[in-house]
Structure formats: structure tokens, C-alpha cells
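Since every read-out is calculated from the coordinates, none of them should be taken as a lab result. Remember, predicted model here, so these are calculated numbers, not experimental data. Cβ atoms come from the backbone with ideal geometry, glycine included; neighbour counts cover every protein chain shown.
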Amino acid sequence: MIRLAEPEDIPQLVDIWLRASRLAHAFIPEAFWLERADDMARRYLPAAETYVLEAAGRAVGFAALNGEHLEALFIDPDVQSFGHGTHLMAHAMSCRERITLCVYSRNVRAVSFYRRLGFQFVEERMDPLSGEQETLMLWSRQPQEP
């Protein structure tokens with residue numbers, strides 16, 4: 001089941017975000033994620049249109065949209081590779097005509113995942129917070145002109 005997040009979901013979503021971030025971004029020091037957990041809980045998630053995926057009565061992942069931009073897509077590491085991310089993205093894509101996102105370029109698994117869903121490369125740039133290269137990607141329901 002996919003539903004909109006409630007304020008009481010925030011601690012569990014931040015836990016999923018933190019554990020999944022550590023796993024997917026081992027090239028970034030753990031302190032970077034720990035320093036941002038409070039902002040995620042108090043600023044980013046409450047400000048976003050956040051969809052929670054529940055399985056067996058508990059949150060297993062979430063997608064956070066800010067307008068047409070996907071701010072976050074995270075799945076609990078304990079249940080990754082079961083299609084939960086694809087399910088959440090299908091929901092997000094059904095709610096929008098286009099979606100942009102940024103993904104760390106070194107997170108090859110995530111870049112490949114978004115490409116499989118039809119996202120196209122726009123540009124590579126540096127994330128000012130982490131100093132890591134990130135890839136800006138775009139998906140559109142309408143085909144893009146060359």
C-alpha cells in the first residue's frame with residue numbers, strides 16, 4: 001500500500017534514509033549523513049509530498065517529491081531488490097508529467113535503476129554539500145525533442 005506520510009512516520013523514514021544512505025553511498029563519510037538526519041526530519045520530509053510504501057504493516061520505503069523534483073527515494077536495506085523502489089517510482093510517475101532528480105554519479109546501481117525507468121541524462125555537476133559528482137536526470141511522459 002502506498003499512502004501519504006503522516007508526521008508520526010518521520011522517525012521511521014529518517015531511519016530508513018540513514019541506513020540506506022550509508023549502504024548506497026559508502027564513498028561518503030558516515031558523519032555526513034549523521035549531520036543531516038535532523039534536517040531530514042525537521043525540514044526536508046515535512047516540506048515534501050512524501051509517499052510511504054507499506055508492506056506487512058510497516059513502512060519499507062518512501063519517495064519524496066517537491067513539485068516536479070524527486071528529492072528522495074529510499075527503501076529499507078532489509079527489503080531492497082524486491083521491486084519496492086520500482087513500485088514507488090511507478091506511483092510517483094503516475095502523479096506527474098515529468099520528474100527531475102539528482103543521483104550521485106558513483107551510485108551506479110541507482111543511476112542504472114533510473115535509466116531502466118526511462119530517465120535521461122541531463123548533466124553532471126558537483127553537489128556543493130558533499131563535494132561529490134551528481135547526475136541530473138529527467139523523465140517526461142511526453143517524448144523529448146532531440
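Points worth noting:
- Amide H contacts of LEU65 (H built 1.01 Å from N, under 5 Å, at least 5 apart or other chain): GLU49, THR50, TYR51, GLU71
- DSSP-defined antiparallel bridges as percent of all bridges, the range 2-140, nearest 5: 95 percent
- Of the DSSP H helices in the chain, those whose Cα atoms cover at least 18 Å axially and whose Kyte score averages 0.0 or more: 10-24
- Only Lys, Arg (+1) and Asp, Glu (-1) charged, at Cβ; the range 2-140 dipole about Cα centre in debye: 400 debye
- Taking all Cα pairs closer than 8 Å and separated by 6 or more residues, the relative contact order of the range 2-140 comes to 20 percent.
- Charge-dipole axis of the chain as Lys and Arg at +1 and Asp and Glu at -1 on Cβ define it, positive-most pick from ALA64, ALA92, SER81: SER81
- A dipole drawn for the range 2-140 from +1 and -1 charges on Cβ atoms has a positive end, and of GLY131, PHE119, TYR51 the residue lying farthest that way is PHE119.
- Sequence-separation-based contact order of the range 80-146, relative, with Cα cut under 8 Å and 6+ spacing, percent: 35 percent
- Difference of contour (0.36 nm per residue) and Cα-Cα distance, ARG58 to ARG116: 18.2 nm
- Dipole check for the range 62-146: with +1 at the C-beta of Lys and Arg, -1 at the C-beta of Asp and Glu, and the Cα centre as origin, the magnitude is about 280 Debye.
- Counting 0.36 nm for each residue step from GLN142 to ALA37 and taking away their Cα separation leaves a gain of 34.2 nm.
- Rg/Rh (Cα only; Kirkwood hydrodynamic radius) as it applies to the range 2-140: 0.92
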